[in-house]
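Worksheet: the structure to be examined is printed underneath.
The values are calculated or read from the model by the stated rules, or taken from the named source; none is laboratory data. None of these values were measured; they are calculated from a predicted model. With ideal geometry, Cβ positions are generated from the backbone for all residues, glycine too; neighbour counts draw on all protein chains shown. Each accessible area value is taken on the protein alone, full model and side chains, heavy atoms only, with ligands, DNA and RNA left out. Shrake-Rupley method; radii C 1.70, N 1.55, O 1.52, S 1.80 Å.
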Amino acid sequence: MSETAPRKRLYIKTYGCQMNVYDSERMADVLSPLGYGMTDSPEGADLVVLNTCHIREKATEKVYSELGKLKELRQAQAEAGGPRLGIVVAGCVAQAEGEEIMRRQPAVDLVVGPQAYHQLPELIARAHRARGERLAADFAPEEKFDALSTARRPTGVTAFLTVQEGCDKFCTFCVVPYTRGGEWSRPAEAVEAEARALAEKGVREVTLLGQNVNAYAGEGGLAGLVRQLAKIPGLDRIRYTTSHPRHMDDALIAAHGEVEELMPYLHLPVQSGSDRILRAMNRAHTAESYLRLIEKIRAARPDIAISGDFIVGFPGERDADFEATLQLVREVGHAGAFSFKYSRRPGTPAAAMPGQVAEAVKDERLARLNAVLEEQQMAFNAAQAGKALPVLFEKRGRHPGQLIGRSPYLQSVHVQAPDRLIGQIVTVKIEEAARNSLAGVLASTGELEPA
Ligand code: SAH
Ligand code: SF4
Ligand code: F3S
């Protein structure tokens, strides 16, 4: 079988969450038949796609500064007689402010929202004739997934797999329900077909993605889907993200205790430890209900690592509310987390709330929260020292002869090991722990399969 060599160069820059990472891969897939091959820098490219994120103001502003640079690059490239650089803006900023993008940066050829990128080939062909098309607005993930083939060209031993999109929760700070639309789940058969295709190409671990992945509404819910995927030969590890506390049902909790392939790591955002603030956020859970939930999950899977998302400086947050957040973090003992300063997003209810918190106060709270989170992360990592953990090797490390893999708890593990172990799950004796990674040695060469 011979594939024709790519004639055109495609550069995709991805911002935001894992779903954007998945979407970027799929965009590369749909553009490949048109002769586009991936390149790792915008210089010399024929087409650049910015797959954007709208979640915080900073993420959005980055897009406009990047577009300014691309416009200059296009000019320089044209003057040097190079290829004409096509510029596409995709993702959540495209969805939320497509018209503004066109107005602020006329160099943009095409704006395409997260539910429309399967139409890229056609749009690009049309853009050659008349620039300035904008395709976003309609939320129909169904049409997109129908158009995308489940046959993918994975590039590693782990892969993301979108199973659910959109959100109906309308937390008062968040733009996602507006950029990704309402909750929608892919049929289990389609997910299974994609997972099988991945496993056949050497993928050993999939991370099921959704804005509210545990709201997966296919038959049997997320627990059923996990059990079904666990049966696929070669697929040894399953993870999922991001979950909402409201959808952490008993069936899913039970799966954590029973399904060996389901990894003992759970990203369960809580945002705040103050019930006042949680109510104002429209989170539909309390600090107490979150704690009870964690208790139940740990009863099913005692060694599970819990991570979370936190927002500091939500409108109206007082010192006492912030202290309650620190208290909750200590009680749960989060092994990792993402923490953010509240960012005022136009059009969301919280943007118009009284009691907006001063930037300096947000900075101080974020620093204090991070200090606690980092301390806990370090403690969690340090607790692995001396243990033997199954590690899935993913790629070469920075040092010669070194491989990098992941523990069941999603920690990076650095080990001196031969390349042929990439894609294998091998027992590693953990010797050292740092805040962001572990280091260890192969437990016994006797277990290694021959080359
Ligand atoms: N669906 C997921 C997370 C989506 S966004 C969930 O419900 O948890 C990822 C994280 O970004 C959120 O959990 C929240 O912590 C953060 N975030 C969202 N909007 C934000 C805003 N306006 N300012 C600061 N952080 C925000
Ligand atoms: Fe945003 Fe809340 Fe939906 Fe998560 S659950 S995507 S934070 S609105
Ligand atoms: Fe950002 Fe859109 Fe993801 S706003 S976090 S890229 S869903």
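Among residues of region 177-189 being surrounded by fewer than 21 Cβ atoms within 10 Å (Cβ to Cβ) and part of a helix (DSSP H, G or I), the one that is nearest to ligand 2 (Cβ to nearest atom) is 177.
Every listed requirement among (1) touching a residue at least 60 places away in the same chain (Cβ under 8 Å); (2) surrounded by fewer than 19 Cβ atoms within 10 Å (Cβ to Cβ); (3) within 16 Å of ligand 2 (Cβ to nearest atom); (4) more than 17 Å from residue 162 (Cβ to Cβ) is met by residue 18 save one, (4). Scanning region 222-264 for residues that are closer than 23 Å to residue 284 by Cα and open to solvent by 20 Å² or more (accessible area, probe 1.4 Å) yields 242, 246, 247, 249, 250, 251, 254. Only residues that are part of a strand (DSSP E or B), open to solvent by 20 Å² or more (accessible area, probe 1.4 Å) and either closer than 17 Å to residue 264 by Cα or within 16 Å of ligand 2 (Cβ to nearest atom) (or both) were counted in region 354-395, giving 2. Can you spot a residue in region 223-242 that is away from ligand 3 (no atom under 16 Å from the Cβ), in contact with a Pro (Cβ under 7 Å, 6 or more places away or on another chain) and of a type outside the set (Ser, Thr, Tyr)? No: region 223-242 contains no residue that is away from ligand 3 (no atom under 16 Å from the Cβ), in contact with a Pro (Cβ under 7 Å, 6 or more places away or on another chain) and of a type outside the set (Ser, Thr, Tyr). Could you list, in sequence order, the residues of region 48-65 that are under 23 Å from residue 120 (Cβ atoms) and either surrounded by fewer than 19 Cβ atoms within 10 Å (Cβ to Cβ) or touching a Pro at 6+ places or on another chain (Cβ under 6 Å) (or both)? 48, 59, 62, 64, listed by residue number.
Whether a residue is crowded, with 19+ Cβ neighbours inside 10 Å, more than 24 Å from residue 214 (Cα to Cα) and modelled with pLDDT of 80 or more was assessed, and residue 111 passes this test. Evaluating residue 321 against the criteria (1) surrounded by 17 or more Cβ atoms within 10 Å (Cβ to Cβ); (2) under 23 Å from the mean Cα position of the chain (by Cα); (3) among the charged types (D, E, K, R) leaves one unmet condition, (2). For residue 79, the criteria (1) open to solvent by less than 20 Å² (accessible area, probe 1.4 Å); (2) without any contact (Cβ under 8 Å) to a residue 24 or more places away in the chain hold in every case but one, which is (1). Condition check for residue 272 on (1) closer than 24 Å to residue 58 by Cβ; (2) open to solvent by 30 Å² or more (accessible area, probe 1.4 Å): one failure, at (2). Going residue by residue through region 343-350, is there one that turns out to be touching a Ser or Thr at 6+ places or on another chain (Cβ under 9 Å), open to solvent by 60 Å² or more (accessible area, probe 1.4 Å) and closer than 25 Å to residue 443 by Cβ? Taking every residue of region 343-350 in turn, none turns out to be touching a Ser or Thr at 6+ places or on another chain (Cβ under 9 Å), open to solvent by 60 Å² or more (accessible area, probe 1.4 Å) and closer than 25 Å to residue 443 by Cβ.
Condition check ((1) within 16 Å of ligand 3 (Cβ to nearest atom); (2) in contact with an Asp or Glu (Cβ under 9 Å, 6 or more places away or on another chain)) across all residues:
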{"position": "323", "(1), (2)": "no, no"}
{"position": "337", "(1), (2)": "yes, yes"}
{"position": "351", "(1), (2)": "yes, no"}
{"position": "359", "(1), (2)": "no, no"}
{"position": "370", "(1), (2)": "no, no"}
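Looking across region 12-30, the residues that are near ligand 3 (Cβ under 9 Å from one of its atoms) and either outside the structural domain of residue 52 (by TED's automatic domain parsing) or out of contact with any helix residue (DSSP H, G or I) (no Cβ under 7 Å at 6 or more places or on another chain) (or both) come down to 17, 18, 19. Take the conditions open to solvent by 50 Å² or more (accessible area, probe 1.4 Å), outside the structural domain of residue 221 (by TED's automatic domain parsing) and either modelled with pLDDT under 95 or out of contact with any helix residue (DSSP H, G or I) (no Cβ under 8 Å at 6 or more places or on another chain) (or both) and apply them to residue 196. Does it pass? So residue 196 fails the test. Put simply, of 70, 10 the only residue that is over 30 Å from residue 309 (Cβ atoms), at pLDDT 95 or above, more than 16 Å from ligand 1 (Cβ to nearest atom) and outside any helix (DSSP H, G or I) is 10.
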